[in-house]
Amino acid sequence: MLDFTGKVAFVTGAGSVGAGWGNGKATAVLLARRGAMVCGLDQSADALAATTAIMQAEGLTWLPLTCDILDSAAVGASVAACVARFGRIDILVNNVGGSAPGDPVSMPLEVWQAQLDLNLTSAFLGCKHVLPVMEAQFDREGRGGAVVNIGSVGAMTFQLGGRVSAGYAAAKAGLVAFGRSTAIAYVRKGIRVNTVIPGSMHTPLVEHRLVRQLGAGDAAKLIADRHAAVPMGRMGDAWDVAHAVAFLASDEAGYITATQLVVDGGMTAARST
Ligand SMILES: NC(=O)c1ccc[n+]([C@@H]2O[C@H](COP(=O)([O-])OP(=O)(O)OC[C@H]3O[C@@H](n4cnc5c(N)ncnc54)[C@H](O)[C@@H]3O)[C@@H](O)[C@H]2O)c1
């Protein structure tokens, strides 16, 4: 079993849009259950409070930080708070993200820009503030860190007649390129950078946002359709993402950098044949 005892993780979007398990929330709790000291950043105090309740009930080591990931100064202050409390950062999970529908004509410029910010600039800012901490650790003691970005198959598979989210697709595709180039920039500094690419996951987002966005009055049908669209016959869940993140963040993945781990029940392979 992967062990993170003594490690410090910084997870962005560590809450969840609704009750239940979002990817960042599950990742934060999984890393903490495996021994990590975890800082969880989220712009929603309520969402963070739900994660805090779980961490406290299980006696896990946890520092919640209410912060907008797009406010660079505030992110810097959050990273400083994490280092002040735990002394280091070994793992950064850039999880904040979310999709808005639209193509270049139907999508207002502001929505396009906001999609690039939420899904790509968010990871840029996480790295901007955490990488120097990891690099200093490497200079000091030969141990750097691991960054895991959360991408999406929404940058890789497109169904004819399906929903188009051009801004999300562009940003998540850019996230892969961002991760690969950052990985090479830091490859001699003891820092690995990889991207987990979830497929169709049954997180609270489905009930909270997709049912409304897709105009589906019938949530049960939407969920059944999403299950059926996956070769395995079911959507994944936040734990599938969390376990993939944990692996890439672990010492066991020490020779893995600048790559992607697709967690999609076979979806991309089935769509590309
Ligand atoms: N759920 C899926 O099916 C799915 C599939 C592929 C990829 N993903 C990706 O997984 C990641 C997490 O998705 P989820 O469904 O678990 O998310 P979620 O929406 O449940 O949780 C995201 C959290 O991020 C927080 N957040 C949003 N904007 C923020 C900001 N500006 N600053 C700080 N915090 C902010 C929210 O408050 C929320 O608690 C996203 O990057 C998403 O694109 C999800």
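Could you give the distance between the Cα centres of the stretch 175-205 and the stretch 44-102, to the whole Å? Comparing the Cα centres of the stretch 175-205 and the stretch 44-102, I get a distance of 18 Å. Here His202 sits with roughly 60 square angstrom of accessible surface, probe radius 1.4 Å.
Surface analysis of the stretch 1-146 yields an accessible area of 41 Å² per residue, using protein heavy atoms and a 1.4 Å probe. Ranking Leu2, Ala49, Ile150 by Cα position along the charge dipole of the stretch 1-158, where only Lys, Arg, Asp and Glu carry charges on their C-beta atoms, puts Leu2 farthest toward the positive end. Ranking Tyr168, Gly59, Met267 by Cα position along the charge dipole of the chain, where only Lys, Arg, Asp and Glu carry charges on their C-beta atoms, puts Met267 farthest toward the positive end.
The charge dipole of the chain, taken about its Cα centre with unit charges on the Cβ atoms of Lys, Arg (+1), Asp and Glu (-1) only, comes to about 380 debye. Against the empirical curve 2.2 N^0.38 Å, the C-alpha radius of gyration of the chain lands at a ratio of 0.96. Close amide H contacts of Arg192 (hydrogens built in the peptide plane, cut-off under 5 Å, sequence separation of 5 or more or a different chain): Gly145, Ala146, Val147.
Relative contact order of the chain: 20 percent, from C-alpha pairs under 8 Å at least 6 residues apart in sequence.
Students sometimes get this wrong: rank Ile256, Ile197 by accessible area, probe 1.4 Å, all chains present, largest first. Can you show the working numbers first?
Details: Ile256 50, Ile197 5 Å².
Putting Ile256, Ile197 in descending order of accessible area: Ile256, Ile197.
The C-alpha atoms of the chain define a longest principal axis, and helix 238-249 lies at about 40 degrees to it. With contacts taken as Cα pairs under 8 Å and at least 6 residues apart, the stretch 126-185 reaches a relative contact order of 25 percent.
Accessible surface comparison of Thr259, Thr5, probe 1.4 Å, protein chains only, largest first: the order is Thr5, Thr259. Taking the C-alpha atoms only, the angle from helix 72-86 to the longest principal axis of the chain is near 50 degrees.
What residue among Ala136, Ala238, Ala169 has the largest mean-square fluctuation in a Gaussian network model of the chain, using Cα springs under 10 Å? Highest fluctuation among the options: Ala136. Taking Cα atoms only, the orientation of helix 219-228 departs from the longest principal axis of the chain by about 80 degrees.
The values are calculated or read from the model by the stated rules, or taken from the named source; none is laboratory data. In this text, all values refer to a predicted model and were calculated from it rather than measured experimentally. Glycine gets a Cβ as well: all are built from the backbone with ideal geometry, and neighbour counts include every protein chain shown. Surface areas here come from the heavy atoms of the whole protein model, side chains and all, with no ligands, DNA or RNA. Shrake-Rupley method; radii C 1.70, N 1.55, O 1.52, S 1.80 Å.
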